[in-house]
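Structure record follows, encoded as structure tokens.
Since every read-out is calculated from the coordinates, none of them should be taken as a lab result. Just so it is clear, the model here is predicted, and its values are computed rather than measured. FYI the Cβ positions are ideal-geometry reconstructions off the backbone, even for glycines, and counts take in every protein chain you see.
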């Protein structure tokens, strides 16, 4: 019998209970895998608490988590591209990674290249694929662009900074403490702004000689959205991919965005950017190469046993974590 963090009623971190969790034989098109490392994402806290679209989280009892690395233990009918014993990884729903063993759709599973560390990939895969589409597709960052990255010292922000710097961007990043400012600078952030002490809007305007930045990667939401839009240049892009401070106030997308400079705003989601198998493989291939080339580092600062996932969620929701967290079964 496998064990998992099972939720019977969505709510606080304590809603997760470490208990037996039966895993059936893989259905046609599925692969059964045993996890070696599991990624922790801020979105996991939304899923656990019920702060997400209902279609994302299945009815309780449920196991959350959508990022993991493991070894194939079995394959369902019709699966030919994966074999027992292979190392594999995934970074998109369906949920269920907070478990020792699970079944997962083969058409969303990835082969893990030799030479990549399971822990690094578990910490990087979902965030790295998100960074890939944000930097290459939501807005295609070009050498010389000035970009604004919120929560620049978080697990996601550090990856954005590392990759964008390698692409030739000038990066303004916002953080909550001086310690996090140092971490952001180490990842390639050119101007790390502690939000409680300085105005990121003023820094962006100074750095760009009043023009504004090309794109803002908005992960904070309510507390920063208005100034984020004010930080953009004409026809700039706001990629609002998270809202840790709460949903932003409503915006008149017809009048307000036009008045501010024909701005674009989007709420990108990874499921849409990798819905096609070719896009999933392209994204993962670029990410695995960036990891192998040393462009990206996972910055794993917190490692918990899978049975202690409650502690991981309590820590990440405190706002005091720096870098990535992972769970080890």
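Centre-to-centre, using Cα atoms only, the stretch 38-65 and the stretch 162-219 are separated by 30 Å. Taking the stretch 20-76, how much of its Cα-Cα pair set, in percent, is spaced more than 19 angstrom apart? Tail of P(r) above 19 Å: 43 percent of Cα pairs.
The equivalent ellipsoid of the stretch 231-326 has semi-axes of 32, 22, 14 Å, largest first, where each one is the square root of 5 times an eigenvalue of the Cα gyration tensor. Of all the options 259, 226, 185, the one that moves most in a Gaussian network model of the chain with Cα springs shorter than 10 angstrom is 259.
Our analysis of the stretch 23-129 gives Rg over Rh at 0.96, with the two radii drawn from alpha carbon positions and Rh computed by the Kirkwood formula. For the stretch 143-267, the alpha-carbon radius of gyration amounts to 0.96 times the rule-of-thumb value 2.2 N^0.38 Å expected for a compact globular protein. Working from the Cα coordinates of the stretch 145-190, the gyration tensor eigenvalues give, after taking √(5λ), semi-axes of 16, 9, 9 Å in decreasing order. A Gaussian network model of the chain, with springs between Cα atoms under 10 Å, assigns the largest mean-square fluctuation among 103, 198, 209 to 209.
Computed from the Cα positions only, the extents of the chain along the three principal axes stand at 61, 39, 37 Å, in decreasing order. Comparing mean-square fluctuations of 77, 279, 107 from a GNM of the chain with C-alpha springs under 10 Å, the top value falls on 77. Using the average count of surrounding beta-carbon atoms within 10 Å as a protection proxy, the listed peptides 128-141, 153-166, 296-309, 262-275 rank, highest first, as 153-166, 128-141, 296-309, 262-275.
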